[in-house]
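Notes to accompany the following structure.
The values are calculated or read from the model by the stated rules, or taken from the named source; none is laboratory data. Fair warning: this is a prediction, and the values are worked out from it, not measured in the lab. Note that each Cβ is placed from the backbone with ideal geometry, even for glycine, and that neighbours are counted across all protein chains shown.
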Amino acid sequence: MLESLNGQAVGRCHLRVEVVGRPRYVDQRDFALYLVDPIRGPSPGPVFQGRYNAGRPSSYVPGWIDGEFGHVGQDQFDQGRAPGGLPGEIARCLGTLIPAGGRLWVAYESLGEESWLQRETRAALAARAPAEATPIGLLLVRAGCWSGMRDWDFPEGGWEGFRKLQGNKPLHPEHACSSALALVRALHTFTAQPAGDEVMRRAQARAALVQHELEQRIAGRDPAAAVRTSG
C-alpha cells in the first residue's frame with residue numbers, strides 16, 4: 001500500500017517513497033516522502049515523514065499514518081487551485097492510504113526549525129480557532145480525515161512524539177455525510193463571529209475553504225443538503 005504513492009502526480013512533480021530503517025512491527029513502516037521535479041530532481045528533504053500502519057482488518061484494527069510535513073511556507077500553502085495548495089495535494093495522496101475508520105495524525109511542533117504550517121497551526125489553536133480551521137486541520141480535511149478531529153495538545157514523548165492533530169476517515173458514506181454536515185454548520189457559526197485579529201481572520205478564511213470542500217463532497221451524495229448548509 002505504501003509503495004502505491006510512488007509516481008503519484010502532484011502538480012508537475014511526482015512522489016517518491018523511501019522506507020526508513022527496520023520496522024518495530026511487521027505491519028508498520030517508517031517512511032519519508034519526497035517530491036521529484038522533472039527538471040530539478042528530488043526535493044532536498046522529505047515533504048512528509050512518519051510511520052505507516054496498514055492495520056489488521058481481521059482484528060478490527062484500522063490503518064493509520066502518524067507524521068509531520070517537511071518545511072512548508074505560506075506561499076506553498078496558499079498557492080494552487082485546491083485548498084491547501086501543494087501540501088493539500090500531498091495530503092490528498094496520503095489520504096488514499098487511510099481506510100474507512102482509519103486515522104491520520106500530523107504534528108504541529110518538532111525539533112529544530114519549524115515550518116510556517118506548524119507555527120500557524122499553534123497560533124490558531126491558541127486563539128481558540130477550531131482545529132479544522134488551522135492549516136494542518138485543513139490538510140486533514142483534504143486527506144478525507146475530517147471526522148472527530150482532535151487536538152492532542154500535550155506532548156506524550158517517547159514513541160508518541162509531539163503535539164499533533166488527529167483526523168479520522170468516516171466509517172461509511174452515511175457517516176461521511178452526517179459528520180460533514182455537522183462540521184459545516186459548526187464552521188458556519190465560527191466564520192460568522194467577529195475576527196479579533198489577523199490570526200483569527202486567517203483561520204476564518206481557512207474555515208470557509210473547509211466549508212466549501214465539504215459542501216462539494218456532500219453535494220456528490222445529497223445536493224439538497226449542500227444547498228441547505230450554505231445559507
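Restricting attention to region 11-32, does a residue exist that is surrounded by 12 or more Cβ atoms within 10 Å (Cβ to Cβ) and at positive phi?
Yes - at least one qualifying residue is present in region 11-32.
So, residue 182, is that one small (Gly, Ala, Ser), out of contact with any Lys or Arg (no Cβ under 6 Å at 6 or more places or on another chain), exposed (fewer than 15 other Cβ atoms within 10 Å of the Cβ) and at pLDDT 90 or above or not?
yes
Please go through region 109-127 and give me each residue that is at pLDDT below 95, in contact with a strand residue (DSSP E or B) (Cβ under 8 Å, 6 or more places away or on another chain) and within 15 Å of residue 138 (Cα to Cα), ordered by number.
Scanning region 109-127 gives 117, 118.
Inside region 9-36, can you point out the residues that are more than 11 Å from residue 50 (Cβ to Cβ), of a type outside the set (Phe, Trp, Tyr) and not in a strand (DSSP E or B)?
11, 12, 21, 22, 23, 24, 26, 27
Being modelled with pLDDT under 90 and under 17 Å from residue 132 (Cα atoms) narrows it down to one residue among 83, 62; which is it?
Answer to the selection: 83.
Would region 152-159 turn up any residue that is assigned to a helix (DSSP H, G or I), at pLDDT below 90 and either surrounded by fewer than 15 Cβ atoms within 10 Å (Cβ to Cβ) or more than 15 Å from the chain's Cα centre (by Cα) (or both)?
Yes, region 152-159 contains at least one residue that is assigned to a helix (DSSP H, G or I), at pLDDT below 90 and either surrounded by fewer than 15 Cβ atoms within 10 Å (Cβ to Cβ) or more than 15 Å from the chain's Cα centre (by Cα) (or both).
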